[in-house]
1. With no solvent and one equal point scatterer per Cα, compute the Debye intensity ratio I(q)/I(0) for the range 1-47 at 0.27, 0.32 Å⁻¹ and report its log10, rounded to two decimals.
2. What is the gain in length, in nm to one decimal, between D106 and I158 on full extension, counting 0.36 nm per residue of separation less the C-alpha to C-alpha distance?
3. Could you list which residues have their amide H under 5 Å from that of L35, counting only those 5 or more apart in sequence or on another chain, with H placed in the peptide plane?
4. Just want the ordering: S44, S190, S60, from fewest to most Cβ atoms lying within 10 Å of their own Cβ.
5. Do any trypsin sites (Lys or Arg not before Pro) in the range 89-189 lie in a loop, going by DSSP, with at most 14 other beta-carbon atoms within 10 Å of their beta carbon, and if so which?
6. Identify the trypsin sites (Lys or Arg not before Pro) of the range 1-65 meeting these criteria: DSSP loop state and at most 15 other C-beta atoms within 10 Å of the C-beta.
7. Using a 10 Å Cβ count of at most 16 others and DSSP loop calls, identify the longest part of the chain lacking such chymotrypsin sites (Phe, Trp or Tyr not before Pro).
8. Restricting attention to the alpha-carbon atoms of the range 28-158, what are Rg (one decimal) and Dmax (integer), both in Å?
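Readers should treat all values here as calculations from the given coordinates under stated rules, not as data from a laboratory. The model shown is predicted, which means the values in this text are computed figures rather than measured ones. Heads up, the Cβs are rebuilt from the backbone with ideal geometry, glycines too, and the neighbour counts pull from every protein chain shown.
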Amino acid sequence: MIHTLEADGIELNFGSRRILSDIFIKCETGKITGLLGRNGQGKSCLMNILLGNLQAGSNSVRFDGQGIMKAGKRPDLLLYLPQFNFIPKSLKVKRVLDDFQLNYTDFENRFPEFKGRRDVKVNSLSGGQWRTVEIYIIVKSPSLFAMLDEPFTHLNPIQIEKIKEFLIEEKANKGFLITDHMYSHLLDVSDNVYLLKDGKTHLTKTIADLEHLGYVYIGVSD
């Protein structure tokens, strides 16, 4: 069965400044939905509205057609990877996996760089390894949907490719909404991409669409 997460009719103002005004976004299980936009366009605000952490003037967030006001308190529906590291730095890697009821052997088989590192504290990992653990937890924990805010940040090129493969594999188990400034990687993994610009979402299909909307400039080589 395909499950849906939809949002529309959302307006958000900070004082006299309108941040979001004409929003429609739809995510489905089995697919990766990308969300692009320049800094200050409201991507994180939109994600917090979907979670129910931020109240908008007009708000309609639906799971399978049913309105849900506080989806962030329903981990069976929606999990969230924030931009910042959320795992306490003093915990050992295996303890973290245990706390989320995830098998360490499965984890190290998927990411062999962690073989023999189950008793290493998180703050002894590289920034990319720390982020890999966090992504794995959000992706593998049971939920219908997961939102990932800047997942490729702090990853080196090899780690990025491994995470992209991992996300494509795991979309069979849930739906993803991902935002990241590294748009080329986002385009590689996404089935649909929305560009957030001037408070509105624009469904795009190609990099040419992004150029037409002023998000990227490709140019023409001689």
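1. Log10 I(q)/I(0), no solvent term: -1.09, -1.28.
2. Details: separation 52, 0.36 × 52 = 18.72 nm, distance 1.99 nm.
So the extension gain works out to 16.7 nm.
3. Those lying under 5 Å, H to H, from L35 are I178, T179, D180, Y194.
4. Details: S44 17, S190 23, S60 13.
Going from sparsest to densest Cβ surroundings: S60, S44, S190.
5. Working: sites: K89, K92, K94, R95, R110, K115, R117, R118, K121, R131, K140, K162, K164, K171, K174; in loops: K89, K115, R117, R118, K171, K174.
Taking the range 89-189 and a limit of 14 other Cβ atoms within 10 Å, the loop trypsin sites (Lys or Arg not before Pro) found are K89, K115.
6. Values: sites: R17, R18, K26, K31, R38, K43, R62; in loops: K31, R38.
Passing sites in the range 1-65 are R38.
7. Values: sites that count: F84, F86, F100, Y217.
It works out to 101-216.
8. 16.2, 51
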